[in-house]
Amino acid sequence: MNRSDQNPLQQELARGYQEDPHPDPDLLTAFAEGALLPRERRKLFEHLARCAECRELLSIASEAAPETEAALKPFLVPRRALPPQRIWLPWASIAASLLVVCSAALLYHQQQSSRKHAEVAANEPAQLPAPALQQPSPLPSPELKNTLTKPFNPPVAKPAQAPSASELMPAAVAMKENQNEAAKQSNFGLQSSNSFSNTQIGQARAHGPSMQNYASAYAPSAFANAAQERSSSTASLASAARSHWRINSAGQPERSFGDGAWQSVLPQEQSKLRVVSVFGSEVWIGGENARLYHSTDNGATWKLITLPSKDGRSHTIAHIHFQTAQSGTVEAEDGTLWTTLDGGATWND
Amino acid sequence: MPHLPSIPEPALARALICAIASRYAESGAECYGITSERFEQIVAAVVLRYAADASAREQLQLVASLRLEELALARACSAGNEAAWGVFLARFRPSLFATACKITRDEATGRELSDGLYAELYGMPNREGRRISKLDYYMGRGSLEGWLRTVLAQQHTNRCRSRARDVSLDEQIEAGVCFAARSPIAASIEDHRVAAAIAQTLAEVSGEERFLLASYFLDQRTLASIGRQIGVHESTICRKLERLTDALRKRIRKRLQAAGISPRRCDELLQEMDVRDLNINVTENLRQERSAGTF
């Protein structure tokens, strides 16, 4: 047909065909199979975007393709070679994830075991079964009496060696006795007799592992197993000996070892005390008339601190906060601040 | 047999000739009686057809991507090699019929379609009495099975179109065919600047993006169907379309603001066109482009 005979619309359509001919089936097949060169693929995309006829043809052909071939095609394309840093990256991330999970599991296990140890150790002196305590002891009774009367010397120099029963027994007995008697005694802590007994308590707590070994050596098998499990962590034993503090309604500070019995630690103090602050074994108690007591041995002995005052007013201590064992701040109700950087030896207001 | 051009030395580098020669053995052309010189001519014809003005590197890539085994089989079949026809029938005749049935969705029509193509593949004598096989048009760019599938689809659509033209409009109306009215939404757009912004924005998108838009919004193809066409997973198509429509909205908003429309009014217009309306406008633009380019 002569092109000059065509109407303008047909000429325009024919001109479009001449500029952009339809791709042959070879190209369409290669396009669907991803076998075209990048330049050809771009060009064919341009054509397909404007040619509904070729889009339809491509669609019919691809719909007629076997399912397996069409489904597997994207996965049969060879993978690009990854750069070296991206090869080990997935494995490193997997290893890091495993490490995090294992660490979390280990921490959880340790927390659970330390909690169990704390509960058992808190109840241990009172809940030790009578038969276990009454079992025939390899210790001769005179030797036991001697160890009870003489001061306790912890076997610090032999940590790897299991302490003998003669070294362990006094600590446990002294701890139990002092817990029961401390509430009755009205010593101030600075007196020598009370100081001695409280020191024994502290030593007994400090040598918790010895108590654990003692329990495992003399208790029945089930209890011994539990004791062996507990003796695996010294950190958990330190927490087991943790004391609890409170100020009662009369303004007197009291201490408990977790057995429910509270004992007054400063019974002679007439002023009402308000606040207790504990940092490790350092205990600070403050209250009215600027009374501030300090104990470096978890309440065994106490020292009265005199805070400097410019105006001579009577302050009531409301807050005690120590960032470290040496540096801390004491704040009165009226906003007066005292700070120390040497564990309470000197104060700056 | 169509005339095959000789290899022009300046056009094809020596590396290309070596690459073609190195693939002679793996193509199995020797089994069908195709000599190495003849094989080089066949491959050179493909290179000249698709990459005559391309760089030597691209020509090497093309040679490496060719399906030379199937190309040699097709050329041997068109030359009347009995062994080649035996291989072709064993490998492709069953799939040819199955594909035809799948395309036509009817066994009888599928058989008719596949038989018609088979006759063309075998060769129809021309005016000079020489047999011309349709396999001569296979160039080895894709698989032979895929090429047969595309040819079947092409013949099927041609047949459907030729039959559809036989039915008059009056007959269709009598048969109860309802014709959809033109969507009034395009005409309801108050500000012509919106339409201009959409048209300008669509003119900027790449061919691939335009193909995705046309296939999804204009042809109403599914994500899986589009994914099968270009060999990627449907989720990839979904992500691309989402990104594309978001980018289109941003560009349209920017153009509207540049045209002097206040940001608040832009928001109102884009809210009015939210998702579905925007798609309809995209469809309208694509439809206009399509009608200008094809029948």
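Here are some notes:
- Using θ = phi - 60° in the Karplus curve 6.51 cos²θ - 1.76 cosθ + 1.60, the 3J(HN,Hα) couplings for the stretch A:318-329 round to 10, 9, 10, 9, 10, 7, 10, 5, 9, 10, x, 9 Hz; x is entered for Gly and Pro.
- FRET efficiency estimate (nearest 0.05) - Cβ-Cβ, residue B:238 to residue B:56, R0 41 angstrom: 0.55
- Residue A:292 long-range amide H proximity, modeled H, under 5 Å: A:305
- Förster-model FRET efficiency, 51 Å R0, residue A:323 and residue A:97, C-beta, rounded to 0.05: 0.90
- Taking the average, over residues, of other Cβ atoms within 10 Å as the packing measure, peptides A:104-112, B:145-153 rank B:145-153, A:104-112 from highest down.
- Rounded to whole numbers, the Karplus 3J(HN,Hα) couplings from phi for the stretch B:131-136 are 7, 10, 9, 5, 5, 5 Hz, using 6.51 cos²θ - 1.76 cosθ + 1.60 with θ = phi - 60°, and x at Gly and Pro.
- Karplus-derived HN-Hα couplings along the stretch B:144-150 (A = 6.51, B = -1.76, C = 1.60, θ = phi - 60°), whole Hz, x at Gly and Pro: 5, 5, x, 5, 4, 5, 5
- Span per principal axis, largest first, for the Cα atoms of the stretch B:79-179 (Å): 55, 33, 26
- In this entry, the stretch B:11-66 is assigned a mean projected area of 3.4 nm², taken as a quarter of its C-alpha convex hull surface.
- Label positions at residue B:105 and residue A:119, each projected 7 Å from the Cα along the C-beta direction, are separated by 6.9 nm.
- Each label was represented as a point 7 Å from its Cα along the Cα-to-Cβ direction; for residue B:131 and residue B:200 these points are 6.2 nm apart.
- Remark on residue A:318: its backbone amide H falls under 5 Å from those of A:331, A:332, A:333, a criterion applied only to residues 5 or more positions apart or on other chains, H modelled at 1.01 Å from N.
Bear in mind these aren't lab numbers, they're just calculated from the coordinates by the rules spelled out. This structure is a prediction, so every number in the text was calculated from the model and none was measured. With ideal geometry, Cβ positions are generated from the backbone for all residues, glycine too; neighbour counts draw on all protein chains shown.
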